[in-house]
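Accompanying notes for the structure given below.
The values are calculated or read from the model by the stated rules, or taken from the named source; none is laboratory data. Bear in mind that the values here come from a model prediction, so they are computed numbers and not experimental data. Note that each Cβ is placed from the backbone with ideal geometry, even for glycine, and that neighbours are counted across all protein chains shown.
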Amino acid sequence: MSDTHAHSVAFVRKTEIPPAPPPASQTGIVKWLRENLFATWANGLLTIAALYVIYLVLSVILPWLFGGVWNTSSLAECREVLQGRVGGCFSVLTERWPQLIYGFTYPTDQYWRPNVAFLFMLVAIAPVLFFDLPRKLLYFTAAFPFVAYWLIWGGSILVPIVAAVGIIAGYFVFDRLNKSSFAAGFFGAIATAFVIWYLGGFLIPEDQSGAMLSPVPSRDLGGFMLNMMLGLTCVSLSLPLGIALALGRQSDMPFIKWICVIFIEFVRGVPLITLLFVASVMLAYLFPPGTTTDLFLRVVIMITMFSSAYIAEVIRGGLAALPKGQYEGADSLGLDYPQAMRLIILPQALKISIPGIVNIAVGLFKDTTLVSVISMFDVLGMIRGPILASTEWNGVYWELLGFASLLFFVTCYGISQYSQWLERRLATDHR
Amino acid sequence: MTTMTDPPKESFQLSMLLNDTRYRSLTFQAIAAILLALSIWYLGNNLIQNLRAAGLNISYEFLGNPSGYDINQTLVEYDSQSTHARAALVGILNTLLVAFLACVTATVFGVIAGVLRLSKNWLVAKLMAVYVEIFRNIPVLIWIVIIFTIMIAVLPGPREFRGADPDASMFLGVAAFTNRGVYIPQPYFIRGFGGVADLLLVIAFLAGSFFAVRAVNARATRIQEATGERPQTLWTNLAIWFGPLIVLFLALGLTFDVPALKGFNFAGGIKIGGPLIALWFALSIYTGAFIAENVRAGIQAVSKGQTEAASALGLRPGRVMNLVVLPQALRVIIPPLISQYLNITKNSSLAIAVGYADITATLGGITLNQTGRAIECILLLMLFYLTASLLISAFMNVYNASIKLKER
C-alpha cells in the first residue's frame, strides 16, 4: 500500500507517535478529586460542608485529647495544671482504672485473678473463632468455664471440679446410650449429671476459709469485667437454648411448638429492662422459701432467656432458608430426626445464621450496660455512681463517658469485623 | 372397618410409645406437658409460700390509691393527689409520645444517612459510614447519658437570660433553650376556642380549600394534556390550604403565649423537659444508624438494571432515586424498619436512666417502690409493652402487606 502511494504522498510517518500523557485533569489526584469530591456543583458544596463539619469536630476534640492531663489525683488539681487551657482530665482514668475495670469492691490484692481469667479467655476463645488453630486447644476451651469460675469467685476448688465431673460423666453416658436412642442418651446424661452434682454437694465444705483462693461474693464484681462476664456467659448459654427453641418452633408437635412460640413472642415483646426488674425484685419470690440466690445468677438467667429468644428467631430464619431438598435428602438417607438435625440441617442453618447471631451477640453485649439501672456496678454504673459522686471527680463527664464508649466501640466493632471475615471465609458458593 | 382383615392386628406394647413414630410425638408432648405443669406448680407453690412468709398478697387495689408524687412532664391533668392508675396513664402517654417522636426523626436521619452513604461523593459517604459505625457500636444507654449531659453542660441555665446584657438570649425572641428544657410558644385563643360555630367555620374553610385545590389540579392536568407541560402547583396548593386557615385563626383571636423569664425560671409556653429531649434525640440518632444500614441494604437490593433503565429513559438522578429505586427498595426496607420501631418503643424504657416519666419510671419505678407491689407492677408493665409491641407489629404488617409486590 505504501508503495503505490509513495510518490503522491509528501510524508509518511514510519514510526509510531509516542503515547502522549493524558491531560492533567484526567489523571492522578486531580481526576480522583474531580470524580469523587467535585463532580457537580451540589457535590462540591456537599464536600465543603462535610469538610467544615470534620474541622468543627476535630478542632474541639484534638486539643482536648492532646492537651489532656494524665497524672493528678483530683479534678481541682487537674484544673490547676490546665490553668484554663483546653484539655481533658484523663487522670481520672489512670487514678480510677481499677474501679472502672474491676468494680470498687473486688479485693485489691486479688486483681491478678480476673487478669489471668481474661488471658485464659483469649486463649479459650481463639480456637472457636479461628479454625486454623490446632483442634487440641478446644480441650482448654472446654475447661475454661470451670477455671474461670474458680479464678474469679475463688472458694473451694471442689465446686468447679464437681461441676466438671458431672458434665464429663453425663457426656460419657450420652455417648454410650446415643447408639440406641438419642432421647435415652439425652435424658440419661442429664440424670447422671444431676446425681453426681447432688452427691458431690456433700464433698464441698461449708466453711470456705481454708480455700486456696479466698472467696469473692458476686456482689463484689463490677466494672467492665462485669459487662464482659455477663456478655460471654449469656451468649454462650443462650446459643444452645436458642437452637432448642428454634427447633421447637419448627416442630410438628403442636404442644411443644406453641410453648416455644409463646415464650419467644413474649420475651421479644417486652424490653430487657422489665426482665431485669423481674430479676432484681420478682425472681426471688419464685425460688424455694429460705434460699437466697445472688443477683448475678438471677440476672444471668433473665438475660439468657432474653437473648435465647432472639437467637431462636435468627436460627429459625436459617432453618427456613435451607432448601426443602436438604430435609428430604436427610430423610431418604434413613437418618432419624436427631441425626438429620445434627449432621445435615443444623451445620448449614447455623452457617447461614452467623451474621444474625453475631448481631444479637453485639446487641446483647451493649445491653449489659442496662444492669446499671438495677444497681449493679458495671462500667456505666461505676461512672454514674461511685466515681461521679466522689468529691475528687465530681464533674468529669466527657473523659469517663468517652472511655466507656471507646471500650464498647472497640469490642463491638471488632466482633462485627470478625463476623464479616467469617462470612467470607465460610462462603462455599462460587460467585 | 374392612381394611383390618389383611395385616394381623398388632397388639399395643409399651415400648411402642418411644419407638413407634405414630405414638412417639404424643409421648414427648405428654412428657413436656407434665414437666411444664410440674414446674408451674413448683414455682407457683414457692410464690405462694414466699408471699405468705412476707405477709403479702396479690391485689391491684393500690392502683386506686393516691400516688403522692409529682411528675414534671405530663400530657394529661395530673397532681400528687391523683391515683397510681392515673400516674401509670401519664407514663403510658409519655412512652407513646417519645416513641412516636423518635420513630419519626430516626426514620428521617436513617433515610438521609443511608442514601448519603451510597453517595458518589467519597467524603460524604465515608462520613456517613463513620456515623453509622460509631452509633451502632456504642450502647444506647451511654448515648442517652451523653446527650443528657451535653444538654445540662452546654445549654445555658435560666439565670443567664437575666439582666440588661445577658449571657444567653432567646432564639428569635420566642423560644428558650435552657438546661432545664426547651420552652416554645403555646398557641391559644383569646376568647377561648369552643362552640359548634367555630368548629363549623373551620370545617367550611377546610372544605373550601379542598375543592379549590382540586380545581387547581384539574386545570393543571388540562394544561398538561393540551401542551405537555404541567404548571407548578405545589406553592399554589400550599397557599390555598394554609392561607385562609391562618386568616381564620387570626380572626378568631389566635395568639401565642411566649415563654418569659419570671423569677428563677421561664413561665408560660410549652416546656419540653430536658430528659424528653435527651431521650428523643439519643433514640433517634442511635436507631437512625441502624435504619441507615437497612436503607442502604434496601437500595443495594434494587438491581442495577433498574437504575440504568431509568437513566436511559432520560430521568435525572434525583428522579431515578424517587421514582424508580426508592419505591422498590421500600419493600425490602419496611420489614426491618418495623423491628426498629419496635426497638425504639422498647428502648424508650431506658427513660428511667435520665428521669423521664415514662411507664417504666412511673409504674415500674416510683409506684413500685412506694407500694412495694413488685409482682403486680411488673406484670402490668410487661402487659403494656407486650400489647404495644403486638399492636405496632400488627399495624405495620398490614401496611407491609398493602405495599407488597403483587405477583400473579
* Restricting attention to the stretch A:323-339, does a residue exist that is of a type outside the set (Lys, Arg), surrounded by fewer than 16 Cβ atoms within 10 Å (Cβ to Cβ) and facing chain B (nearest Cβ under 8 Å)? -> no
* To do: Those residues that are aliphatic (A, V, I, L, M) and outside any helix (DSSP H, G or I), I need them from the stretch A:152-191; list them, please.
  => A:ILE157
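Any chance you could count how many residues in the stretch A:201-231 are of a type in the set (Gly, Ala, Ser) and surrounded by fewer than 17 Cβ atoms within 10 Å (Cβ to Cβ)? First the steps, then the outcome.
Filtering the stretch A:201-231 down to residues of a type in the set (Gly, Ala, Ser) leaves A:201, A:209-211, A:214, A:218, A:222-223, A:231.
Filter once more, keeping what is surrounded by fewer than 17 Cβ atoms within 10 Å (Cβ to Cβ): A:201, A:209-211, A:214.
Count: 5.
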* Members of the stretch A:25-37 found to be touching a Ser or Thr at 6+ places or on another chain (Cβ under 8 Å) and either facing another protein chain (nearest Cβ under 9 Å) or modelled with pLDDT of 85 or more (or both), listed by number -> A:LEU37
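From the list B:ASN347, B:ASN400, B:ASN322, pick out the single residue that is over 20 Å from A:VAL278 (Cβ atoms) and surrounded by 16 or more Cβ atoms within 10 Å (Cβ to Cβ). Please lay out each step first, then the result.
Values: B:ASN347 fails: over 20 Å from A:VAL278 (Cβ atoms); B:ASN322 fails: surrounded by 16 or more Cβ atoms within 10 Å (Cβ to Cβ).
Criteria check complete, one pass: B:ASN400.
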* Run A:ILE259 past the list (1) outside any helix (DSSP H, G or I); (2) without any contact (Cβ under 8 Å) to a residue 60 or more places away in the chain and report the number of the one that doesn't hold. => (1)
* **Sole exception among (1) among the β-branched types (Val, Ile, Thr); (2) buried (at least 16 other Cβ atoms within 10 Å of the Cβ); (3) not in a helix (DSSP H, G or I) for A:THR428, by number** => (2)
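For the condition within 14 Å of chain A (Cβ to nearest Cβ), assigned to a helix (DSSP H, G or I) and either crowded, with 21+ Cβ neighbours inside 10 Å or in contact (Cβ under 8 Å) with a residue 40 or more places away in the chain (or both), what is the one hit in B:ALA129, B:ALA125, B:ALA113?
Working: B:ALA129 fails: either crowded, with 21+ Cβ neighbours inside 10 Å or in contact (Cβ under 8 Å) with a residue 40 or more places away in the chain (or both); B:ALA125 fails: either crowded, with 21+ Cβ neighbours inside 10 Å or in contact (Cβ under 8 Å) with a residue 40 or more places away in the chain (or both).
After applying the criteria, what remains is B:ALA113.
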* Check the stretch A:129-143 and report whether any residue there is surrounded by 17 or more Cβ atoms within 10 Å (Cβ to Cβ), assigned to a helix (DSSP H, G or I) and not assigned by TED's automatic domain parsing to the domain that holds A:LEU335. => no
* Among (1) more than 24 Å from B:LEU101 (Cα to Cα); (2) touching a residue at least 24 places away in the same chain (Cβ under 8 Å), which single condition is B:ALA351 missing? -> (1)
* Could you please find all residues in the stretch B:8-48 being touching a Ser or Thr at 6+ places or on another chain (Cβ under 9 Å) and among the small types (Gly, Ala, Ser)? => B:SER25
* Asked: What pairs can you find where one residue is in the stretch A:7-29 and closer than 30 Å to A:ALA39 by Cβ, the other is among the charged types (D, E, K, R), and their Cβ atoms are less than 8 Å apart, with a gap of 6+ or different chains?
  -> A:SER25/A:LYS31; A:SER25/A:ARG34
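Whether any residue in the stretch B:210-220 is at positive phi, surrounded by 13 or more Cβ atoms within 10 Å (Cβ to Cβ) and touching a residue at least 24 places away in the same chain (Cβ under 8 Å) is what I want to check. Please lay out each step first, then the result.
At the first step, the residues of the stretch B:210-220 found to be at positive phi are none.
Among the residues of the stretch B:210-220, not one is at positive phi, surrounded by 13 or more Cβ atoms within 10 Å (Cβ to Cβ) and touching a residue at least 24 places away in the same chain (Cβ under 8 Å), which makes the answer no.
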* Structure fact -> Subset of the stretch B:300-314, residues modelled with pLDDT under 90 and either outside any helix (DSSP H, G or I) or closer than 28 Å to B:VAL104 by Cβ (or both), comes to B:GLN300, B:ALA301, B:VAL302, B:SER303
* Members of the stretch A:266-287 found to be free of Cβ contacts under 8 Å to residues at least 40 places away in the same chain and more than 22 Å from B:TYR42 (Cα to Cα), listed by number -> A:GLY269, A:VAL270, A:PRO271, A:THR274
* Select from the stretch A:384-415 the residues that are within 21 Å of B:ARG136 (Cα to Cα) and either among the β-branched types (Val, Ile, Thr) or not in a helix (DSSP H, G or I) (or both) and list them in ascending order. => A:VAL410, A:THR411, A:ILE415
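Go through A:PRO289, A:PRO215 for me and flag whichever is assigned to a loop (DSSP other than H, G, I, E, B), more than 13 Å from chain B (Cβ to nearest Cβ) and more than 27 Å from A:PRO347 (Cα to Cα).
Working: A:PRO289 fails: more than 13 Å from chain B (Cβ to nearest Cβ).
Of the residues listed, the single one that is assigned to a loop (DSSP other than H, G, I, E, B), more than 13 Å from chain B (Cβ to nearest Cβ) and more than 27 Å from A:PRO347 (Cα to Cα) is A:PRO215.
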